[in-house]
Amino acid sequence: MSTPTAVIVGIGPGLGLSMARRFGREGFRIAFVSRSADRHPAYLAELAAEGIEATGYVANVTDEARLGEVLTEIDSAGAIEFAYYGPGAPGAPIVPIAEVDIATARAAFDWVWPAVQVARAVLPGMIERGTGGVLIAGGLSSIRPMPMLGQLALASAALRNYAVTLHADLAGRGVYAGTLTIGGLVERGDIYAAVTADPAKYGAAEGHTLNPDEIADTAWEMYRARDRAEQVFDVLG
């Protein structure tokens, strides 16, 4: 059999890279996607040092045409057996939830549509083969009221519901879907770096951080066991 491919959409120095390393250690060829190639050499070198075959691709997930081209290119090099969707939320200013209008809410869903595009690209082949899986990372506001996240709570809830509904639909067909619900600062990630660099503004991070390697271990176990649709990581209290 050919080497299976795991595509990591939204790789960064935190959870995305940990996911690439974890699935790479399980024998997957890694294809990762980010909006800039600036960090690709470092990621490729780190993965190669662990004996993991990897290729980097550039696409902004909000560019539907480009993301589609990249997914097609990755799949043509080897069927995608696993897809992880975990890009950061849109960087637009947070609007208080009681002040969110339609335009603001609609813009927040720019985080959701690429997840649907990724799933739609990979699921037909997985369903035909009766193997594979999709994992989507989302935020704690999908299950807990967090007014400070404003319009992002709407998109986060939509991502979670999409993933758990896919899980229910795909059960019994050999294909897995699930979600990682993240409630905390993921160590080594860009948001973690920004928060810890300015504790006067953001407060102390101690006690509110998550180890991305441990999350990736759980993600692998979810994919392997296929016994649950969601794992919640909550260090926010």
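The values are calculated or read from the model by the stated rules, or taken from the named source; none is laboratory data. As the structure is a prediction and not an experimental result, all values here were calculated from the model. Every residue, glycine among them, receives a Cβ derived from its backbone with ideal geometry; neighbour counts consider all protein chains shown. Heads up: the accessible areas ignore ligands, DNA and RNA and are worked out on the full protein's heavy atoms, side chains in. Shrake-Rupley method; radii C 1.70, N 1.55, O 1.52, S 1.80 Å.
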Cα-based helix-to-principal-axis angle, 152-170 vs the chain, degrees rounded to 10: 30
Order these peptides, 69-75, 11-17, by their mean beta-carbon neighbour count within 10 angstrom, highest first. 11-17, 69-75
Helix 15-25: inclination vs the chain longest Cα principal axis, degrees, rounded to 10, gives 20
Rounded to 0.05, the calculated FRET efficiency for the beta carbons of A107 and R25 at R₀ = 35 Å is 0.40
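Which shape class, rounded, prolate or oblate, goes with the stretch 138-220 when its Cα gyration tensor gives a ≥ b ≥ c as root eigenvalues, a/c under 1.5 marks rounded, and past that a/b bigger than b/c marks prolate? Kindly include the intermediate steps, with their values, before the conclusion.
Values: a/c = 3.58, a/b = 1.68, b/c = 2.13.
Cα axes put the stretch 138-220 in the oblate bin.
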Note on the chain, DSSP bridge orientation, antiparallel percent to nearest 5 equals 0
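If each DSSP helix of 4+ residues adds -39,500 (n - 2.57) and the sum is divided by the residues in the chain, what number results at 222 nm, nearest 500 deg cm²/dmol? Provide the component values of the computation, followed by the final result.
Details: 9 runs with 104 residues, N = 237.
For the chain, the value works out to -13500 deg cm²/dmol.
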Rounded to 10°, Cα long-axis angle of helix 212-225 versus longest principal axis of the chain: 50
Any chance you could run the full-extension gain for A193 through N161? It's 0.36 nm times the residue separation minus the Cα-Cα distance, nm to one decimal. 8.6 nm
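In debye, nearest 20: dipole of the chain around its Cα centre with unit charges on the Cβ of K, R (+) and D, E (-)?
Numbers: 18 positive and 27 negative charges, 62 e Å.
Computed about the Cα centre, the dipole is about 300 debye.
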For the charge dipole of the stretch 90-228, defined by +1 on Lys and Arg C-beta atoms and -1 on Asp and Glu C-beta atoms about the Cα centroid, which residue among A158, G207, G91 has the Cα displaced farthest towards the positive pole? A158
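Beta carbons within 10 angstrom, averaged per residue: use that to sort the peptides 193-205, 213-225, 155-167, 40-52, highest first.
On the way: 193-205: 11.4, 213-225: 17.0, 155-167: 20.5, 40-52: 14.2.
Highest to lowest by the protection proxy: 155-167, 213-225, 40-52, 193-205.
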Whenever you get a sec, compute what percent of the accessible area on the chain sits on carbon and sulfur atoms (1.4 Å probe). 55
Please give the FRET efficiency for A200 paired with R35, using the beta carbon to beta carbon distance and R0 = 22 Å, rounded to the nearest 0.05. 0.15
Could you list which residues have their amide H under 5 Å from that of A54, counting only those 5 or more apart in sequence or on another chain, with H placed in the peptide plane? I30
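So between E46 and A92, what do we pick up on full extension, going 0.36 nm a residue minus the alpha carbon distance?
On the way: separation 46, 0.36 × 46 = 16.56 nm, distance 3.16 nm.
Extra length from E46 to A92 when fully extended: 13.4 nm.
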If you find the alpha carbon centre of the stretch 191-213 and of the stretch 43-70, how far apart are they in angstrom? 27
